[in-house]
1. Over the stretch A:4-83, what percent of the accessible surface lies on carbon and sulfur atoms, probe 1.4 Å?
2. Run the numbers on the stretch A:178-195: which residues show a drop of 40 Å² or more in accessible area, chain on its own versus all protein chains together, using a 1.4 Å probe over heavy atoms?
3. In peptide A:201-211, what is the residue-averaged number of other protein chain Cβ atoms found within 10 Å of each Cβ?
4. Let me know the charge dipole size of the stretch A:87-241 about its Cα centre in debye, to the nearest 20, where only the beta-carbon of Lys, Arg (+1) and Asp, Glu (-1) is charged.
5. Work through the residues other than B:Leu64 whose Cβ is under 9 Å from its Cβ and net out their charges, Lys, Arg +1 and Asp, Glu -1.
6. Bin all alpha-carbon pair distances of the stretch A:87-241 at 10 Å intervals from 0 and give each bin's fraction as a whole percent.
7. Between the alpha-carbon centers of the stretch A:121-149 and the stretch B:173-232, tell me the distance in whole angstrom.
8. Past 18 Å, Cα to Cα, is the threshold; run A:Lys27/B:Lys62; B:Lys114/B:Lys135; A:Lys62/A:Lys102; B:Lys27/B:Lys62; A:Lys62/B:Lys62 against it and keep the listed order.
Number of protein chains: 2
Amino acid sequence: MLPQQKLLALRPDADSSTPLYLQLGHKLAAAIHAGFWLADDPLPSERNLCEMLGVSRVTARKALDLLLADGLIIRRHGAGTYITPKLEQPLNKLTNLSEMLKQRGFTPGSRWLKREVALANAEEQLKLNLAANCKVSRLQRVRTANDVVMALEETALPFLLVPDPSLIGDSLYEYMRSVRLSVVRAIQNIAAINATEALSQLVDVAPGEAMLHLTRVGYLENGVVCELTHSYFRNDYYDFVVELHK
Amino acid sequence: MLPQQKLLALRPDADSSTPLYLQLGHKLAAAIHAGFWLADDPLPSERNLCEMLGVSRVTARKALDLLLADGLIIRRHGAGTYITPKLEQPLNKLTNLSEMLKQRGFTPGSRWLKREVALANAEEQLKLNLAANCKVSRLQRVRTANDVVMALEETALPFLLVPDPSLIGDSLYEYMRSVRLSVVRAIQNIAAINATEALSQLVDVAPGEAMLHLTRVGYLENGVVCELTHSYFRNDYYDFVVELHK
DNA sequence: AAGTGGTCTAGACCACGAA
DNA sequence: TCGTGGTCTAGACCACTTA
């Protein structure tokens, strides 16, 4: 197949409801992962791309911006745009743990320990921005990878947003999406702790063992806090990857 | 001061060598931090902004994109652009630890334990992509906050890039910049460990205490790996903040 | 000198939110 | 309905790299 013909397959659909730059970004990412271009090879120039794909240069560039943000490509001023030599796919994006584990080749699972409605405790009032008499839906579960306990997860959601926690199935993420509560931004704190006696029994490690304690506050699109989660990870089953940019 | 006059102060300098959208982005960020607009207040609309500031809408938008990436603003389609209610400044950017500590009100310091040139060990060969007989400059230091030991940091740099580690002063970051070696991308792994006997003495904690172990691989603009760092943080002095977006 | 990415413009149309 | 953000275009000039 000639290079020109390969490119033609990436043409975005102008009649689709998804923006051109997103379509193009996804197609390009897929092409890169499929080995469409060799590592250290230059991609077609922006001017070539937009001519072949029938979009403006601004749009092509915006698609490439997506790839850049994901670390898939590197731009060199005056020289060209290149595939990032080392392909890793770290998590800067908001993904759910299940997806993440699947990508790493594990089979995720979970077991509910608690699904209750209760008065918000002091921390929940503070972090979720609730009044003293407000209620929260509180969830507690152990999460597994290949049937081995990997983490304990405790989540608190404002009662007003999630009044019936028993409706939540295996995936909190799926449930939130189904009731139009989409977490678009989160702030996570990561600390190290020694497993307490209670914790060590739940996640099946020795007391005192070092674990990762992840505290996460999630925000809806309108900026409202909607989720407070504490996760306690066995360090031998999980380490957290962050990608940084200048 | 009238709103219009306030906005005029944000006009970028067209003759400056820094791009308009960067100038504007910085000015807007500064204005937000200075309390120029109240939280939950809408910013001027994009069309107003670009008219008042004498730039195109695309440029104004690109400046706002910067603020969005930093979590300073929230856009609501059809409604307007708003200051993010809760102002936090988490670290998705590539900052050096010193800057970070200063922002949190600590006085950073460090004490060198080792600055040597040696043959790359197995891990360094692998992570830094070096041949078996290659040398590395190896640095080890304890880092302090308000004169209390906070972390142990071990860095390996390819000898070809940094041949004389004794030239590195207090700030590795400053040194790298001075020799035109700018880390623009890094991948960090975070895990929890129990302090070993040796480690516990260096950072002044009890043996077995939970610590954060951060492994960081830094890349230059051209994609070359140039830095491998292991940091061991006392969890009572540091917890890592990550901001996530959809 | 030719080609590349980096920036910028003026103007257009669409989809969404609020009055 | 009107103003907002979201997308898109065609064309321009600059700065940089490579040969």
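The values are calculated or read from the model by the stated rules, or taken from the named source; none is laboratory data. All of these numbers come straight from a predicted model, not from anything done at the bench. Neighbour counts run over all protein chains shown; Cβ positions are idealised from the backbone, glycine included. Accessible surface is based on the protein model in full, side chains and every heavy atom, while ligands, DNA and RNA are left aside. Shrake-Rupley method; radii C 1.70, N 1.55, O 1.52, S 1.80 Å.
1. Looking at the stretch A:4-83 in its full context, I get 53 percent from C and S.
2. Flagged in the stretch A:178-195: A:Val184, A:Arg185, A:Ile187, A:Gln188, A:Asn189, A:Ile190, A:Ala192, A:Asn194.
3. Going residue by residue through A:201-211 and averaging, the value is 2.
4. That gives the stretch A:87-241 a dipole magnitude of about 380 debye.
5. +1
6. 10, 39, 38, 12, 1
7. 32 Å
8. Table pairs above 18 Å Cα-Cα are A:Lys27/B:Lys62; A:Lys62/A:Lys102.
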